[in-house]
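Peer 1: Have a look at this one.
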Amino acid sequence: MVIKKNKANVAILISGNGSNMEAIIKASKAPDYPAKIAIVISDKEDAGGITIAKKYKIRTLIILKDKYNSRIDYDLAISKILSKEKIEYICAAGFMRILSEEFIDVWWNRIINIHPSLLPSYKGLNTHQRVLKDKIKVTGCSVHIVRKELDEGPIIIQAKVPVKKNDTEEILSARVLKMEHKIYPYALMLLAGQKIYLENNTVIHKDKLSFDNFLISPLLKK
Ligand code: GRF
């Protein structure tokens with residue numbers, strides 16, 4: 001096993017339960033995982049993910065928006081902390097704020113996000129509710145590089161998840177979440193391990209992925 005000594009410093013931004021955050025933290029414990037989680041930042045005081053991060057002895061910060069005059073000021077405050085911590089990549093994991101253009105510019109190609117649908121379908125909120133209403137048979141989840149438009153940006157990986165006959169929103173979201181926990185650590189591994197690159201705003205994979213059947217084949221290097 002090749003053990004990478006210099007793991008990339010990663011920050012995770014959360015607002016809620018932090019189950020994706022926990023999946024990433026767990027994966028990052030592997031000696032050959034190319035990233036380590038240096039800090040978890042929440043915009044909500046009561047985010048369950050904060051307790052989980054503390055359990056893993058990861059530095060946590062709660063930064064509430066009320067102390068700042070504007071979204072840009074808020075994002076700048078976060079940006080300063082991330083620079084001080086020498087953060088290289090940022091994972092938005094259920095972070096319920098839209099990042100400002102200024103923030104995205106500073107961290108260009110270094111912020112990734114997970115969304116519980118097969119993007120570009122079902123951007124925005126209430127994804128599972130809309131999927132069920134449309135009676136589609138297959139949904140999924142996507143990890144993408146963050147761009148200025150909501151839930152837009154080059155897709156790193158996606159996984160399909162079946163929608164079953166008697167699914168409720170809760171049942172479907174739990175099934176999708178289980179898959180999110182697989183693809184998010186995997187996507188960060190690809191990014192931090194420099195296994196992907198961008199060409200014309202599209203993610204190209206250097207190697208064929210060793211993942212399961214649900215994966216939608218990403219573009220491979222020619
Ligand atoms: C996930 O479904 C994620 O795709 C979406 O918000 C949810 C966060 O869940 N962006 P958790 O906080 O990671 O448990």
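The values are calculated or read from the model by the stated rules, or taken from the named source; none is laboratory data. All figures in this text were calculated on a predicted structure; none of them were measured in a lab. Cβ placement follows ideal geometry from the backbone for every residue including glycine, while neighbour counts extend to all protein chains displayed. The area values use the complete protein model at the heavy-atom level, side chains included, leaving out ligands, DNA and RNA. Shrake-Rupley method; radii C 1.70, N 1.55, O 1.52, S 1.80 Å.
Peer 1: How many of the residues in the stretch 44-89 are under 18 Å from ILE25 (Cα atoms) and small (Gly, Ala, Ser)?
Peer 2: The number of residues fulfilling the criteria is 4.
Peer 1: If you take the residues of the stretch 85-94 that are within 16 Å of the ligand (Cβ to nearest atom) and open to solvent by less than 20 Å² (accessible area, probe 1.4 Å), which of them is farthest from VAL10 (Cα to Cα)?
Peer 2: It comes out as ALA93.
Peer 1: Name the single residue, out of those in the stretch 63-90 being assigned to a loop (DSSP other than H, G, I, E, B) and over 20 Å from the mean Cα position of the chain (by Cα), that is nearest to LYS148 (Cα to Cα).
Peer 2: Among those that are assigned to a loop (DSSP other than H, G, I, E, B) and over 20 Å from the mean Cα position of the chain (by Cα), it is SER70.
Peer 1: Just name the residue that is most open to solvent (accessible area, probe 1.4 Å) out of those in the stretch 15-28 that are within 8 Å of the ligand (Cβ to nearest atom) and of a type in the set (S, T, N, Q).
Peer 2: ASN17
Peer 1: Which residues, taken from the stretch 29-46, are within 17 Å of ARG110 (Cβ to Cβ) and buried (at least 18 other Cβ atoms within 10 Å of the Cβ)? Even if it seems obvious, please write down each step before you answer.
Peer 2: We begin by selecting, within the stretch 29-46, every residue within 17 Å of ARG110 (Cβ to Cβ); these are 34-41.
Residues satisfying the conditions are PRO34, ALA35, ILE37, ALA38, ILE39, VAL40, ILE41.
Peer 1: If you don't mind, there's one more thing I want to ask. How many residues are surrounded by fewer than 23 Cβ atoms within 10 Å (Cβ to Cβ) and within 16 Å of the ligand (Cβ to nearest atom) when one looks only at the stretch 186-202?
Peer 2: 1
Peer 1: Restricting attention to the stretch 157-172, which residues are under 24 Å from ILE25 (Cα atoms) and either in contact with a Leu (Cβ under 6 Å, 6 or more places away or on another chain) or open to solvent by 40 Å² or more (accessible area, probe 1.4 Å) (or both)?
Peer 2: Correct list: GLN158, ALA159, LYS160.
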